[in-house]
Amino acid sequence: MSEFYPAALLDALPPGEDLWVFAYGSLMWDPGFEFSEQRLGVLRGYHRRFCIYSLFYRGTPEAPGLVFGLDHGGACRGMLFRVERAKALPILEQLWQREMVTKVYKLKLLPVRTRQGETVRACAFVVDRSHAQYCRGLDLACSAALIRRSHGARGANIDYLTNTVEHLDRLGIDDHGLRQLLATVLAI
């Protein structure tokens with residue numbers, strides 16, 4: 001799938017089609033934009049993972065935290081938000097400003113299957129594996145230690161993890177790996 005900038009992404013949608021945004025981390029519980037509808041959805045071919053060193057929002061350059069990225073493989077259950085086409089460009093630009101502080105993501109249009117059985121093309125921020133902030137191969141203990149100690153402009157890294165797990169629970173999405181990580185963080 002191609003990588004996009006906000007205006008080009010909208011140009012890739014058929015005329016009159018609304019924009020769908022796929023949320024898998026903090027956008028689920030703090031979207032920060034107006035939407036017309038929300039649905040649960042499954043994105044195949046990517047999974048939610050703490051795979052990005054956070055140098056600003058949940059950590060600092062001296063004490064990096066960890067944040068989610070959509071990484072290759074598996075599947076990810078998350079939230080879809082529908083944005084009316086007429087309001088989509090400013091919202092995409094706002095999301096770009098929020099998510100692309102260090103350009104660690106690629107903005108893509110990906111097929112997401114809704115709980116209702118429909119497949120929609122949704123924009124999603126996928127980790128750029130060639131970026132210096134991409135971290136591969138961190139074990140549970142190392143990830144937990146980074147999350148436990150880190151704070152950034154948007155608060156404590158542990159709050160990011162806790163809020164995501166709590167929100168997934170409310171949505172009925174069981175993520176055993178995140179529960180295990182949270183238990184490990186709390187045990188430190």
For this session: Taking Ile158 as the residue in question, decide whether it is free of Cβ contacts under 8 Å to residues at least 40 places away in the same chain, β-branched (Val, Ile, Thr) and buried (at least 20 other Cβ atoms within 10 Å of the Cβ).
Result: yes
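Among the candidates Arg58, Arg44, Arg48, which residue alone is touching a Phe, Trp or Tyr at 6+ places or on another chain (Cβ under 9 Å), under 19 Å from Ala23 (Cβ atoms) and outside any loop (DSSP other than H, G, I, E, B)?
After ruling out the rest, the residue left standing is Arg48.
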Exercise. Does any residue of the range 34-45 turn out to be at pLDDT 95 or above and crowded, with 22+ Cβ neighbours inside 10 Å?
Worked result: yes
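Kindly indicate the residue of the range 1-33 that is crowded, with 16+ Cβ neighbours inside 10 Å and not hydrophobic (A, V, I, L, M, F, W, C) and also modelled with the lowest pLDDT among those meeting that condition.
Here is the first cut: in the range 1-33, the residues crowded, with 16+ Cβ neighbours inside 10 Å are 4, 6, 9-10, 13, 18-29, 31, 33.
Next cut, not hydrophobic (A, V, I, L, M, F, W, C) only: 6, 18, 24-26, 31.
On the way: Pro6: 86, Asp18: 97, Tyr24: 97, Gly25: 94, Ser26: 93, Pro31: 95.
The residue in question is Pro6.
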Exercise. If you check Glu99 against the conditions, is it surrounded by fewer than 21 Cβ atoms within 10 Å (Cβ to Cβ) and out of contact with any strand residue (DSSP E or B) (no Cβ under 9 Å at 6 or more places or on another chain)?
Worked result: no
For this session: Tally the residues that are under 24 Å from Ile188 (Cβ atoms), within 16 Å of the chain's Cα centre (by Cα) and among the charged types (D, E, K, R), restricting the search to the range 122-145.
Result: 0
For this session: For the range 17-37, enumerate the residues that are of a type in the set (A, V, I, L, M, F, W, C) and either under 22 Å from Thr162 (Cα atoms) or in a loop (DSSP other than H, G, I, E, B) (or both).
Result: Phe22, Ala23, Leu27, Met28, Trp29, Phe33, Phe35
Problem set entry | Elements of type helices (runs of 4 or more DSSP H) contained in the range 78-188, each with 1 or more residues being at pLDDT 95 or above and touching a Gly at 6+ places or on another chain (Cβ under 9 Å) | 85-99, 140-149, 157-171
Problem set entry | Matching residues, the range 54-84, being surrounded by 14 or more Cβ atoms within 10 Å (Cβ to Cβ), more than 17 Å from Gly152 (Cβ to Cβ) and more than 14 Å from the chain's Cα centre (by Cα) | Arg82, Val83
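The values are calculated or read from the model by the stated rules, or taken from the named source; none is laboratory data. Nothing here was measured: the structure is a model prediction, and the numbers come from that model. As a convention, Cβ positions derive from the backbone with ideal geometry for all residues, glycine included, and neighbour counts pool all protein chains shown.
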